[in-house]
Amino acid sequence: MMRLILIPVLVLIGAVFSNLSFAHKASDSFLYISSEQIRLDLAVQDMLRIDLIDVNGDGVVSWGELRATEPVFSALLAKHIVLSHGGERCGLDIVLRGMSDHSDGPYTSWSLTSDCLSRAAVNLDYSLLFNIDPQHRALLLSNLSGEKQLSVLSPSNQSLVLGEDISPLSTAGVFLWQGVVHLLVGYDHMLFLLALLLPATRRKNLGTQAESLRRVFTDVALVVTMFTLAHSFTLIAASLGWFSLPSQPVEIAIAISISLAAFMALMDVNARLQRGLAMGVGLIHGFGFAGVLSDLLAASPLKLLALASFNVGIELAQLALVIIVLPVLYRFSFLPLYQRRVFPLASILLIASGLYMAAQRI
């Protein structure tokens, strides 16, 4: 029985320690497409992960190193970014143009030119970094059709027909699904939600009448709602460019919030403080979610639709997590072994995982 209780918690927490690549802001690239060129903005940090550009091995990339490795990296880009028309591959000229800044640091800007961009129904295939980081996303903004085409390329969706008419419903579906995926593969956000669920399963006296699952679910729903309202506000505000925070402090704060929530669960802090924590931390998490979208949506008329859909996707994933996990924890909460061993052990592991991720992000 002890193993059955521990396995779900240990698998989730163990995944954090065994996947250091996930302990940072999601990896993004940006594709801005016109009939003249494709502009690719690629994070310098992601280029370092590919390990082709830090010639002297000092962990810092200079402009000279970028220029020196441009031919090699251009060949790599040509392998993973492919244009085709009528079933035939198009020629692609790739040139390093300069540097740009995004919310999470410096990016290199590449110009990709091809005669095919002036044609109709050109297919784009993108697979850069997917074999290194399954969280990597290429956020795409195209005006080939006369209207802004907004989409996301991912390991499960690596190709797109450029210039085709994209309905608002299709855009909503793309970003709703990305919201779901963003939460489910974001271990830090999932661990924080787990830390919010733990207090609902704590029973001070096993001999007393336990609250019904319905009442427990209502209490948890209120806490999660506080979290949702807070991160929805900062997600929208930051994505629309009203205000922003540097990526690194936000990511560190998100990791520390896991430890703080788990510590409050372990110390049996009252529900009012837990709701306050959920709302305060939700404001920080919203900045983390916004980092995925803010650098792309400013130029798109579909930004409000994409933002709303992305947020709905996050909320659906949160709700699914609560519906699946809470009844299991509630059932185990009647066992003395859970209250005496599993609950404190899970809290301590969550505290440790949050501090560990924070240290990795410094």
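The values are calculated or read from the model by the stated rules, or taken from the named source; none is laboratory data. Treat the numbers as computed from the prediction; the structure is a model and nothing was measured. Methodologically, a virtual Cβ is constructed for each residue, glycine included, from the backbone with ideal geometry; neighbour enumeration extends over all protein chains shown. These accessible areas exclude ligands, DNA and RNA; they are computed on the full protein's heavy atoms, side chains included. Shrake-Rupley method; radii C 1.70, N 1.55, O 1.52, S 1.80 Å.
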Taking alpha-carbon centroids only, the stretch 303-362 lies from the stretch 128-179 a number of Å equal to 29
Cα→Cβ-extended label distance, 7 Å offset, between SER244 and ALA359, nm: 3.1
For the stretch 236-277, what class follows from the C-alpha gyration tensor (a ≥ b ≥ c being the square roots of its eigenvalues): rounded when a/c is under 1.5, otherwise prolate if a/b is larger than b/c, else oblate? oblate
May I ask you to give the solvent-accessible area per residue for the stretch 23-162, in square angstrom, as obtained with a 1.4 angstrom probe? 43
Computed E for LYS148/LEU337 - FRET, C-beta separation, R0 41 angstrom, nearest 0.05: 0.15
With θ set to phi - 60° and the Karplus curve 6.51 cos²θ - 1.76 cosθ + 1.60, what are the ³J(HN,Hα) couplings of the stretch 109-116 in order, to the nearest whole Hz, using x for Gly and Pro? 10, 10, 9, 10, 10, 7, 5, 5
Full-extension gain between LEU304 and LEU273, please, as 0.36 nm times their residue separation minus the C-alpha to C-alpha distance. 7.9 nm
Whole-number D in µm² s⁻¹ for the stretch 23-162, Kirkwood Cα-pair radius fed into Stokes-Einstein, 25 °C, 0.890 mPa s: 158
Which residues qualify? For MET99, with a placed amide H closer than 5 Å and at least 5 residues away or on another chain, they are SER109
With label points set 7 Å from each Cα along the Cα-to-Cβ direction at LEU77 and ILE348, the distance between them in nm comes to 5.1
For the stretch 146-199, the accessible surface attributable to carbon and sulfur atoms (probe 1.4 angstrom, ligands and nucleic acids excluded) amounts in percent to 59
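Can you compute the FRET efficiency between ARG49 and SER84 using 1/(1 + (r/R0)^6), with r the Cβ-Cβ distance and R0 = 30 Å? Round to the nearest 0.05.
After rounding, the FRET efficiency stands at 0.65.
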Residue separation times 0.36 nm, minus the C-alpha to C-alpha distance between ALA120 and LEU316: what's the value? 66.9 nm
At 1.567 mPa s and 4 °C, plugging the Kirkwood radius over alpha-carbon pairs of the stretch 168-361 into Stokes-Einstein gives what diffusion coefficient in µm²/s? 75
Compare the peptides 348-360, 247-259, 185-197 by average per-residue count of other Cβ atoms within 10 angstrom and give them in order, highest first. 185-197, 247-259, 348-360
Going by average Cβ density within 10 Å per residue, which order do the peptides 68-81, 125-138 take, highest to lowest? 125-138, 68-81
By how many nm would the segment from VAL185 to VAL161 grow when fully extended, if each residue of separation counts as 0.36 nm and the alpha-carbon distance is taken off? 6.0 nm
